[in-house]
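Below is one structure, written out as structure tokens; the observations come after it.
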Amino acid sequence: MNVVELAAKLIQCPSVTPNEAGALKIIKELFKNTDFEIYDIDKGDISNLFLRWGVKDLPTLGFSGHIDVVPAGELGEWEYEPFSGRVSDNILHGRGAVDMKSAVAAFCSAAIKFSKNSEPDFSIALMITGDEEGEAKYGTKAILDWMQKNDQRIDHCIIGEPTCPKTFGEAIKIGRKGSMTCTFTVFGKQGHSAYPHLAINPINATLILLNHLSQEKLDSGSKSFEPSTLVATSISANNSTNNVIPSEVNTTINIRFNDYHTSNKLIKWLGKVAAKVSKKTKTKIDYNIKVSGEHFYTEPTDLAQLVRKSVFKITGIKPAFSTSGGTSDARFIYKKCPVVEFGLVGETMHAINESVPTSQIFALEKIYLDLIEEHAHYFKEKSCMRPRST
Ligand SMILES: [Zn+2]
């Protein structure tokens, strides 16, 4: 089975989070007659896999990926059935083709190819989760907890998320902004719209609140990141009448923050602004905050340079180091070791008719294989890089 056939087989499993739908079973089957150790890491309703080639004390190159996908959406709008994994005109179609079953297939296939022709004087670890697109509560986090408990470590990690905006090979992600969402509920006093002086209008207060928040410049960008952003994503009074001032309004904002901020500092700031507006408008303001993740950043040194070298070798393109885009599992892994992301062109991810040219998948497998080979040399040169004390 070549890498595209493997990717197609994975796409045929409708593994919408939290269902693995047989995808992990296919991977386990694939590794059955190899020298990889296979560990199931199940937590809550999520199944994850950890695989290792070579003993765990050796310096380790890690790959991380997810086999869960977002729902297909409107089935009728798809050119080919979303879980068909159909290849037509050298294009692989289906949910997960880009994000990111093809990349999982590519690193699994590259790792097996390398392991069959080499003796392990370093180690390869594969972390495959079923919970990246969902809450990410029992996915990579659970794998990392298990690794900690079982003294399983990695020294470098590559995540196969799609990283290229338009052309394959053009970007490696070395960081991503943090993300948090805050829903404010502004309570006023209901009343007749003809007698507004008798009521307290929570819509007016909400507008003042959003004004305060959106006028504050969070920063002007940092050395490694674009400026942080604060965006209002919903405002709702749930009011179908035209002559009643509603009693409450819900409004949601989403903040994408760079390395100037932490979620804790931003939570304090949001609380202060809410208190100020509440006092000024005589409303009561509650808020509920969900932090999706802090920012991650890996200095563009050894690992990022190795990835750049391999990408250039295979594609002829010198990729840029990027810190754009939403959160990924790098937000968990970067606390353990340097992590960068490199994968396919992301144009159709999460979209109807998600698809990718098979040439990209073959090239990605070659890049991952080259990275494994480069790491064999790298780890040899840095043979003292793993003090056993931590
Ligand atoms: Zn993804």
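Here THR167 clears all of (1) surrounded by fewer than 23 Cβ atoms within 10 Å (Cβ to Cβ); (2) among the β-branched types (Val, Ile, Thr); (3) not in a loop (DSSP other than H, G, I, E, B) except the condition numbered (3).
Among the residues of the range 148-162, not one is over 19 Å from the mean Cα position of the chain (by Cα) and within 16 Å of the ligand (Cβ to nearest atom). Among residues of the range 323-353 being more than 13 Å from the ligand (Cβ to nearest atom) and assigned to a helix (DSSP H, G or I), the one that is nearest to TYR368 (Cα to Cα) is ILE333.
Restricted to the range 12-41, and to residues there that are touching a residue at least 60 places away in the same chain (Cβ under 8 Å) and of a type in the set (Asp, Glu), the residue that is nearest to ILE128 (Cα to Cα) is GLU20. Scanning the range 338-377 for residues that are touching a His at 6+ places or on another chain (Cβ under 6 Å) and closer than 18 Å to ILE159 by Cβ returns a single hit, PRO338.
For (1) of a type in the set (S, T, N, Q); (2) surrounded by fewer than 23 Cβ atoms within 10 Å (Cβ to Cβ); (3) assigned by TED's automatic domain parsing to the domain that holds ALA8, each residue gets a yes or a no:
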residue: GLY54; (1), (2), (3): no, yes, yes
residue: GLY62; (1), (2), (3): no, no, yes
residue: VAL69; (1), (2), (3): no, no, yes
residue: GLY73; (1), (2), (3): no, yes, yes
residue: PRO82; (1), (2), (3): no, no, yes
residue: SER88; (1), (2), (3): yes, yes, yes
residue: VAL104; (1), (2), (3): no, no, yes
residue: PRO120; (1), (2), (3): no, yes, yes
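Condition (residue is of a type in the set (S, T, N, Q), surrounded by fewer than 24 Cβ atoms within 10 Å (Cβ to Cβ), within 28 Å of ASP302 (Cβ to Cβ) and away from the ligand (no atom under 16 Å from the Cβ)) applied to the range 181-191: is it met by at least one residue? No; the residues of the range 181-191 include none that is of a type in the set (S, T, N, Q), surrounded by fewer than 24 Cβ atoms within 10 Å (Cβ to Cβ), within 28 Å of ASP302 (Cβ to Cβ) and away from the ligand (no atom under 16 Å from the Cβ). Residues that are surrounded by 24 or more Cβ atoms within 10 Å (Cβ to Cβ) and more than 18 Å from SER47 (Cβ to Cβ) do occur in the range 132-154.
In summary, strands (runs of 3 or more DSSP E) completely within the range 30-145 and bearing 1 or more residues that are away from the ligand (no atom under 15 Å from the Cβ), of a type in the set (Phe, Trp, Tyr) and over 18 Å from CYS13 (Cα atoms) occur at 37-43, 46-53.
The values are calculated or read from the model by the stated rules, or taken from the named source; none is laboratory data. Keep in mind that what you see is a predicted model, and the values were worked out from it rather than measured. Here the Cβ is made from the backbone with ideal geometry for all residues, glycine too, and neighbour counts use every protein chain on show.
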